[in-house]
1. Can you report the number of residues in segment 229-259 which are more than 10 Å from the ligand (Cβ to nearest atom) and in contact with a strand residue (DSSP E or B) (Cβ under 9 Å, 6 or more places away or on another chain)?
2. Checking TYR66 against (1) away from the ligand (no atom under 16 Å from the Cβ); (2) modelled with pLDDT under 95; (3) under 24 Å from the mean Cα position of the chain (by Cα): exactly one of these is not met. Which one?
3. Can you tell me which residue in segment 28-53 is least open to solvent (accessible area, probe 1.4 Å), limited to those that are of a type in the set (A, V, I, L, M) and over 24 Å from the mean Cα position of the chain (by Cα)?
4. Can you pull out every residue in segment 367-389 that is away from the ligand (no atom under 12 Å from the Cβ), open to solvent by less than 10 Å² (accessible area, probe 1.4 Å) and more than 17 Å from ALA243 (Cα to Cα)?
5. Please verify whether segment 118-132 includes one or more residues that are in contact with a Lys or Arg (Cβ under 8 Å, 6 or more places away or on another chain) and polar (S, T, N, Q).
6. Would you check if there is a residue in segment 147-155 being open to solvent by 10 Å² or more (accessible area, probe 1.4 Å), more than 27 Å from ALA37 (Cβ to Cβ) and either in the same structural domain as ILE233 (by TED's automatic domain parsing) or more than 16 Å from the ligand (Cβ to nearest atom) (or both)?
7. At least 1 residues that are free of Cβ contacts under 8 Å to residues at least 60 places away in the same chain in each: list the strands (runs of 3 or more DSSP E) lying fully within segment 124-235 that qualify.
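The values are calculated or read from the model by the stated rules, or taken from the named source; none is laboratory data. These numbers come from a predicted model, not from an experiment. Methodologically, a virtual Cβ is constructed for each residue, glycine included, from the backbone with ideal geometry; neighbour enumeration extends over all protein chains shown. The accessibility values were calculated without ligands, DNA or RNA, using every heavy atom of the protein model including side chains. Shrake-Rupley method; radii C 1.70, N 1.55, O 1.52, S 1.80 Å.
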Amino acid sequence: MRDYLKEYPNKEGYFSNYGGSFIPQDIQKEMDKILVAYKELSQAPEFIEELRSIRKHYQGRPTPIYYCNRMSEKYGADIYLKREDLNHSGAHKLNHCMGEALLAKHLGKKKLIAETGAGQHGVALATAAAYFGLECEIHMGAVDIQKEHPNVVRMKILGAKVVSVNHGLKTLKEAVDSAFEAYMKDPINSIYCIGSVVGPHPFPMMVRDFQQVVGIEAREQFLELRGENPDNIIACVGGGSNAMGIFGAFLNDDVNLYGVEPGGRDLKLGNHSATLSLGEEGIIHGFKCKLLKDSLGNPAPVHSIASGLDYPGVGPEHCLLQDLKRVEYVNINDKECLESFYELSRLEGIIPALESSHAVAYACKLAKEKSNDSILINLSGRGDKDIDYIVENYGLGNL
Ligand SMILES: *Cc1c(COP(=O)(O)O)cnc(C)c1O
């Protein structure tokens, strides 16, 4: 079989039809510089060693793989979790944020700028900024600021400036627009740290590469536990970084890969964020991908109970993996997600992020069909950030 990770992206940043770079000339120049620096640094022994050391001593890697005793008993298959919720700051996002911030430091940048949805990327980037002594400015939709209050407080405690975005739907998409604008004002001293495998080249590739650690660890750990690869791997997909991280190490193997998108309230436009199931080719935030569009062809409003998943686009590499039929993309709605949030908490004593709960919910469905299989879920983050919102809106879950 082909080696996907070596083959893609091409020089222009394309994963077959998707990806590339659709941005103004002056920003393109900055992206080119970032690409050159990344190519050089990612081969440099000091850079690699520094990142390795950060992962071990600061982030707490490797994160464990855990066998879910009670969930497995209830649903049939052997269900495992890759515990990215135990990564420092509570989600997989620190994996790429520490990489991006290290790159920024080497480029002599003074300020990290980013958007955030659920606040997880903001917290991870504010954490990285504090570690490296850099300024940090996080743009966040006003709706998400309300919903994810604990993360807003965390970012501020970590020393970041939080910019509230008050136009449009006041969620992730608008936050990206706003952060991009801020970056365009001073691309020399600042760097835009994208929060997923999206945006113009080289970000989908760089973020993917920084997330590879998840899959590489998981492969080794699973082999040690079971003497083989998992039969199935499941990850939730917003932009697609945690999924690319864990899928990357298994793309050339005989392992079933499932990406789970948010089915939201239902599959009517505006009520979900199932981009790969229902999107069409388009351009958003400087790259080409499958996209949920409104009647005018612009990015459509989207919804998910999980703020980190409500984005109308998706990483270009996922679009390719779908076309190649290498990964199957499915969806889980808000209600199913919520049930799994409570269930994992009560059966295993692990409170998952609402984003990750989508992957858990699909695992339970799959386990009923494939009771002799092993299933590895990438538990992308912990759910502490979601508990106030959930209790207020849904109570304590009467299972
Ligand atoms: C941000 C986030 C996601 C979605 O981002 P991807 O790039 O699709 O991984 C998933 N889970 C958690 C916990 C997050 O914070």
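1. The initial filter retains those residues of segment 229-259 that are more than 10 Å from the ligand (Cβ to nearest atom), namely 229-234, 247-258.
Checking which are in contact with a strand residue (DSSP E or B) (Cβ under 9 Å, 6 or more places away or on another chain) leaves us with 229-234, 247, 250-251, 255-258.
The number of residues fulfilling the criteria is 13.
2. TYR66 satisfies every listed condition except (2).
3. Residues of segment 28-53 that are of a type in the set (A, V, I, L, M), as a first pass: 31, 34-37, 41, 44, 48, 51.
Pick out the ones that are also over 24 Å from the mean Cα position of the chain (by Cα) and you get 36, 44.
Details: VAL36: 90, ALA44: 20 Å².
Of everything passing the filter in segment 28-53, ALA44 is least open to solvent (accessible area, probe 1.4 Å).
4. If we filter segment 367-389 for residues that are away from the ligand (no atom under 12 Å from the Cβ), which is where we start, we get 367-376, 387-389.
Keeping just the survivors that are open to solvent by less than 10 Å² (accessible area, probe 1.4 Å) gives 367, 374-376.
Scanning segment 367-389 gives ALA367, SER374.
5. yes
6. Within segment 147-155, one or more residues are open to solvent by 10 Å² or more (accessible area, probe 1.4 Å), more than 27 Å from ALA37 (Cβ to Cβ) and either in the same structural domain as ILE233 (by TED's automatic domain parsing) or more than 16 Å from the ligand (Cβ to nearest atom) (or both).
7. Values: elements: 135-141, 161-165, 190-192.
Filter on segment 124-235 gives 135-141, 161-165.
Matching residues to (1) under 24 Å from VAL207 (Cβ atoms); (2) of a type in the set (Val, Ile, Thr):
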| residue | (1), (2) |
| --- | --- |
| TYR311 | yes, no |
| ARG326 | yes, no |
| LYS365 | no, no |
| SER371 | no, no |
| LEU379 | yes, no |
| ILE390 | no, yes |
| GLY395 | no, no |
